[in-house]
Every structure is written in C-alpha cells, then in structure tokens.
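Chemist: Here it is, the structure, as structure tokens.
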Amino acid sequence: MTVQAILIVAAALIGLGVYGTLSQQSIVMLMMGLELIINGVLLATVGFWSLTAAGLPEGQLLAIVAMAVMAVEMAIGFALVVAVFRRREVDMTDRLGTMSH
Amino acid sequence: MSWADAIFWLLAATALLAGWRVFRTDSMVRASFFLLASFIAVGAIMLMLGAAYLGFATIFMMAVEMMVMALFMVMFMMNPAGLNPMSMVHQHGLAIVAGLVTFAGLGAFALSVDLPSRPLPAGAEVTAPLGRELLGPSMLVFESAGVTLLATMICAVVLSSRSGRFGPSDAGSVPPSIDPTAQEKS
C-alpha cells in the first residue's frame, strides 16, 4: 500500500465524480457526483497524512475541514433543491435556464 | 503481495465499482446505497492507514447522510424504485472525456512526482494528538468550521422554509421588469 496507489484510487474516484457531476440531469444525482469528488479528496488527504507526513495532527485537521465542506455541500444542496422545486416544480438542471423567478 | 495489499486493492475496487454503479443503476435509492458502499470502502482504507477517528467518522457520517439522500430520492424522483430503465444524462461524451482527463492528469501527478516517504510510526497514538490540535493550536480553524456549519443550518432552514413569521416567504415579491420605471409605477 504505497502513497502512489492511494493517489491513483483517489484520482479515479475524483474522475468518476467529475463524470457524474457533468453528465447527470437531476440535481440530486449531480450532488452525488460532488460527493464522490470529496470522497477522493478525503482518501488522498488521509493517504498523504499517513504515508508522507508521519501522522502530523494538522493532516487530520485538513481531512476534518474536507468533511465539513461535504456536510455544507449536502445541506445547502438539498435546501436549494427544495427551494427550486417549491418555486418551479422542477428538479432537473436543464429546465433551470434562469436564476430569476 | 501481502494481505494488507490484497485487502487494500479489494476495498479500492469496491469503492470504484460502487462509485461507477451510482450513475449506472436505474433506481435512485439504489444509487444512494452504492454511494454509501463507496464511502464505507474508503472509510475502511482510512482505518487501514491508521486514521481510526476519521475512518469511523466517515463511515458513520455517510451512513446517516445517505439515508437522508435516499429519502430525498423517494421525494423527488419519478423512478425511485428502478422499475423502469432510466438514463437521465446530458452532454455525455463531454462528461466522459472530462472524467478521463481528470483521472489521467491526477494519476500522472501521482506517478511522476517524487513524494517523500515518512510513514506513520507503528503503534503511534493518533486520536489524542488530533484532539489536542483541534482544541489547541488549530482551534480557530476548528471553530471556523463549526460557525460555518451553524451558518449552513440557518441558510438551509431559510432556503427550504415555505413561510416566515409574517406569512409566505415570497409574498409581495414580483418578477423584475425589463423597464426599470415600470415597477415604481405599479
């Protein structure tokens, strides 16, 4: 288990997330792509922390910040889905051509 | 190949396969559980890397998060159970190329850069130093994340609530007119 192997797996997860984020029409599915990207970022961060930083506590702190970003993304994303659905009855990105109401 | 390597590659394959199936399954609820499987596999890799706190935190946090996600899928999706074949994608070719370029670019970085090798010392205590770091030198960062989460909760309630204390949240608002003087006249 080398740091290169972990970074390759993380890169593949981020690539899958980029594919999902760009290809999905549903806003909730798009958020799943974003989650996968952060999943890869978390793995890379912990890999760096464990194998190249000798367990420096700041490395784990960085991973906790990434987890906080993930929580914020989920909460605001779902709130936006609810707000948009209530206003316009849509949950697809293609039907949201404008931000005004 | 050692046992640790074999388990690592098994978990990595699980994470990637489940991540790929998220966008290839007909059922939206199943998609959330595939994403959960991907996160659990990554959490297990974190445990193997020695990050006990982060690994368990990821697994528990994601279990709850994906349950909420599954609920949202049932609420919003027309096909949550996957009874009909379904593919809701746009700009598919561009998305595939972008994903592959991202993987190739980051993978090339991982293979070409000469990274230092400073592994975690065997038997090292990692959770207690993290706690001391969070409530010591890095308290500002930690508290900033906490305040950000509080602001997120308030924003989420404001965005998703139907009405405020004085009636519907959108009462009285009208779409802006192209003519800037029209709104004043009305």
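Chemist: Could you run through region A:41-55 and say how many residues are surrounded by fewer than 23 Cβ atoms within 10 Å (Cβ to Cβ) and without any contact (Cβ under 8 Å) to a residue 12 or more places away in the chain?
Modeler: Counting residues in region A:41-55 that are surrounded by fewer than 23 Cβ atoms within 10 Å (Cβ to Cβ) and without any contact (Cβ under 8 Å) to a residue 12 or more places away in the chain gives 3.
Chemist: Identify the single condition in (1) closer than 24 Å to B:Met75 by Cα; (2) among the β-branched types (Val, Ile, Thr); (3) touching a Leu at 6+ places or on another chain (Cβ under 9 Å) that B:Val42 does not satisfy, given that it satisfies every other one.
Modeler: Condition (1) is where B:Val42 drops out.
Chemist: How many residues are within 27 Å of the chain's Cα centre (by Cα) and either part of a helix (DSSP H, G or I) or assigned by TED's automatic domain parsing to the domain that holds B:Gly146 (or both) when one looks only at region B:105-125?
Modeler: Qualifying residue count, region B:105-125: 7.
Chemist: Would it be correct to say that A:Ile76 is at the interface with chain B (Cβ under 7 Å from one of its Cβ atoms) and either aliphatic (A, V, I, L, M) or touching a strand residue (DSSP E or B) at 6+ places or on another chain (Cβ under 6 Å) (or both)?
Modeler: Details: at the interface with chain B (Cβ under 7 Å from one of its Cβ atoms): yes; either aliphatic (A, V, I, L, M) or touching a strand residue (DSSP E or B) at 6+ places or on another chain (Cβ under 6 Å) (or both): yes.
Yes.
Chemist: Scan region A:40-73 residue by residue and report those that are of a type in the set (Ser, Thr, Tyr) and more than 7 Å from chain B (Cβ to nearest Cβ).
Modeler: Of the residues in region A:40-73, the ones of a type in the set (Ser, Thr, Tyr) are A:45, A:50, A:52.
A:Thr45 - this is the single residue of region A:40-73 that is of a type in the set (Ser, Thr, Tyr) and more than 7 Å from chain B (Cβ to nearest Cβ).
Chemist: I've got another one for you. For region B:16-34: of the residues being at pLDDT below 90 and of a type in the set (Lys, Arg), which is farthest from A:Gly40 (Cα to Cα)?
Modeler: This residue is B:Arg30.
Chemist: Also, I was wondering about something else. Taking B:Gly105 as the residue in question, decide whether it is under 25 Å from A:Ala75 (Cβ atoms) and at the interface with chain A (Cβ under 10 Å from one of its Cβ atoms). If you could, list the steps in order and put the result at the bottom.
Modeler: Values: under 25 Å from A:Ala75 (Cβ atoms): no; at the interface with chain A (Cβ under 10 Å from one of its Cβ atoms): yes.
Considered against the rule, which asks whether it is under 25 Å from A:Ala75 (Cβ atoms) and at the interface with chain A (Cβ under 10 Å from one of its Cβ atoms), B:Gly105 comes out as no.
Chemist: Determine whether region A:4-14 contains at least one residue that is at the interface with chain B (Cβ under 7 Å from one of its Cβ atoms), surrounded by 20 or more Cβ atoms within 10 Å (Cβ to Cβ) and small (Gly, Ala, Ser).
Modeler: yes
Chemist: Test B:Phe142 against the criterion of being more than 21 Å from the chain's Cα centre (by Cα) and among the aromatic types (Phe, Trp, Tyr), and give yes or no. Let's see the steps before the verdict.
Modeler: Working: more than 21 Å from the chain's Cα centre (by Cα): no; among the aromatic types (Phe, Trp, Tyr): yes.
Answer is no for this residue.
The values are calculated or read from the model by the stated rules, or taken from the named source; none is laboratory data. Predicted model, so just to flag it, every value in this text is computed and none were measured. Positions of Cβ are backbone-derived with ideal geometry, glycine not excepted, and every protein chain shown enters the neighbour counts.
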